[in-house]
1. In the set Ser254, Ser274, which member is of a type in the set (Ser, Thr, Tyr), surrounded by 12 or more Cβ atoms within 10 Å (Cβ to Cβ), in contact with a helix residue (DSSP H, G or I) (Cβ under 9 Å, 6 or more places away or on another chain) and assigned to a helix (DSSP H, G or I)?
2. As an exercise: evaluate Leu455 against (1) crowded, with 24+ Cβ neighbours inside 10 Å; (2) over 29 Å from Pro234 (Cα atoms); (3) of a type in the set (A, V, I, L, M, F, W, C) and give the number of the one condition it does not meet.
3. Of all residues in region 430-466, which are without any contact (Cβ under 8 Å) to a residue 12 or more places away in the chain and closer than 24 Å to Gln351 by Cα?
4. One residue is enough: does region 437-451 have a residue meeting the conditions of a type in the set (Phe, Trp, Tyr) and at pLDDT below 80?
5. Please work out which residue is farthest from Leu98 (Cα to Cα), limiting yourself to region 23-39 and to residues that are of a type in the set (Gly, Ala, Ser) and not in a loop (DSSP other than H, G, I, E, B).
6. Taking region 298-349, which residues are farther than 26 Å from Leu399 by Cβ and among the hydroxyl-bearing types (Ser, Thr, Tyr)?
7. Scan region 292-344 for residues that are basic (Lys, Arg) and buried (at least 24 other Cβ atoms within 10 Å of the Cβ) and report the count.
8. Of the numbered conditions (1) touching a Pro at 6+ places or on another chain (Cβ under 6 Å); (2) surrounded by 24 or more Cβ atoms within 10 Å (Cβ to Cβ), Val31 fails exactly one; give the number of that condition.
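The values are calculated or read from the model by the stated rules, or taken from the named source; none is laboratory data. Keep in mind that what you see is a predicted model, and the values were worked out from it rather than measured. We place every Cβ from the backbone using ideal geometry, glycine too, and count neighbours over all the protein chains shown.
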Amino acid sequence: MSTTKAPAAVPGAVGTAAAEQPAPRGLLPVVLVATFMSALDFFIVNVAIPSVQRDLHAGASAIQWVMAGYSLALAGGLITAGRLGDLLGRRRMFSLGLGLFTAASAACGLATGPAFLIAARVVQGLGAALMGPQVLALLRTSFHGAAQARAFAQYALTMGLGAVLGQLIGGLLIRADLFGTDWRACFLINVPVGLVTLLLVPRAVPESRAPQRPSLDLLGVVLVTAALVTLALPLIQGRSSGWPLWTWICLGASALLWAALARHQVRLAGRDGSPLVHPHLFRARAFSAGMLAQLAFWLGQASFFLILAVYLQQGRGLDALGSGLVFTALGVGYLATSLCADRVAARLGHQAVTLGAVLMALGLAGLWLTVNSGAPGTAWLVPALVLDGLGMGLVIAPLTTSVLVGVPAHLVGSASGSVATVQQVGGALGVALIGILFYGAGSVGSGFQAGLVALTVLELVLAATVQLLPKPAQGAGA
């Protein structure tokens, strides 16, 4: 048996000698592998859906829940998971999340019916929710200065590659049909990777907690979970159900629950309690404006990937693998700028995000012109997709850094969970809103063009919102 000791716990307070110790060498690879798995699984299911539907004899509503169950559990658990990491230890919660995610992936791959698969996807989402905030908090507390900027850049690169390569990897796995597993390989591939990563956690990941060991705000947990579910559920199910009365009741209830949550958090903070989302976070313009910018950006991401996938497969007649190959154009552009995003941000400050947003707007506008012109073949789409990917690479890491860099150490878990929740909620809102335009059009082609117009406007809104961020200190960037 090995006698190698786990890394020492990292105090939450930034600026202490212990906090400035170099991060363990294996920390970044371990947390990035887990990040890649959870990002990949969000998108890979799009490729697997037709095979799942045939194999499990699943109806349309069941298929919707296969996709929605993961995102609902993920969005609903993120803020709570961030606080649990503050309270019980970030490495402990990361390990628990990784274990749940790996076990649920095995269950997904062994599913015998739609209900079984849906339940396993919900557990997968909970596992991803437990991991996500811990990764951001560990990067924030274990890395410092230029090393922290590089760590966030690699985190953003990993997230983006998981998203843009999800369909390609899924298409390759389905085409390979390893051991006759067909679509099941898209889930089962997580099992060996997850187990190996889990074995490395005790050696590579330092334990850290919030220095003041805050208590868990149970009422806040209930309110935020209910608010998210009542918001996401009608947005996911409403369009396909014809927007019945219950969807509007849910949306109204969600607004009331969000208001009740805000009031509860302010009152709890006033009594020197431990609110789930601390109101003091929003006193910093970098956090409040940065969260608005996060929302604007993520409103467009999941929705663009969805309508592009549907357009390529239904509008252009490509199979899963062919569609995935087209997505690699996004990945090429994203990889090119993600590798230097920290250096660009060091020179331009938050205007690096503005540059990225403008590049994305130009790419989406170019895609609209290409589709509108009736250019034959998918090769004509590639230049615009590369341009959009270049912009993505300049947005994700600098934007995340701008939100978290000034957060006090004892609020890192809460802030990280809030950022990740906004990303998921933004994605769900974007899919619902852009989906109304896409599916409400007369054809896949016209729906895709309508969606592209809305997405282009969103990127311009992002560029404008970034201007609300405070200017960096002199000498820290333009």
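1. On the way: Ser274 fails: assigned to a helix (DSSP H, G or I).
Selected residue: Ser254, the only one of Ser254, Ser274 that is of a type in the set (Ser, Thr, Tyr), surrounded by 12 or more Cβ atoms within 10 Å (Cβ to Cβ), in contact with a helix residue (DSSP H, G or I) (Cβ under 9 Å, 6 or more places away or on another chain) and assigned to a helix (DSSP H, G or I).
2. Among (1) crowded, with 24+ Cβ neighbours inside 10 Å; (2) over 29 Å from Pro234 (Cα atoms); (3) of a type in the set (A, V, I, L, M, F, W, C), Leu455 violates only (2).
3. Val457, Ala464 - these are the residues of region 430-466 that are without any contact (Cβ under 8 Å) to a residue 12 or more places away in the chain and closer than 24 Å to Gln351 by Cα.
4. Start the filter on region 437-451 by keeping residues that are of a type in the set (Phe, Trp, Tyr), which leaves 438-439, 448.
Next, from what is left, pick out any that are at pLDDT below 80: 439.
Checking region 437-451: at least one residue is of a type in the set (Phe, Trp, Tyr) and at pLDDT below 80.
5. Narrowing region 23-39 to residues of a type in the set (Gly, Ala, Ser): 23, 26, 34, 38-39.
Remaining after also requiring not in a loop (DSSP other than H, G, I, E, B): 34, 38-39.
On the way: Ala34: 7, Ser38: 9, Ala39: 13 Å.
Per the criteria, the residue is Ala39.
6. Passing the criteria: Tyr311, Ser323.
7. The first filter runs over region 292-344 and keeps only residues basic (Lys, Arg), leaving 316, 343.
After this cut, where a residue has to be buried (at least 24 other Cβ atoms within 10 Å of the Cβ) as well, the list is none.
Qualifying residue count for the region: 0.
8. Evaluating Val31 over (1) touching a Pro at 6+ places or on another chain (Cβ under 6 Å); (2) surrounded by 24 or more Cβ atoms within 10 Å (Cβ to Cβ) leaves (1) as the failure.
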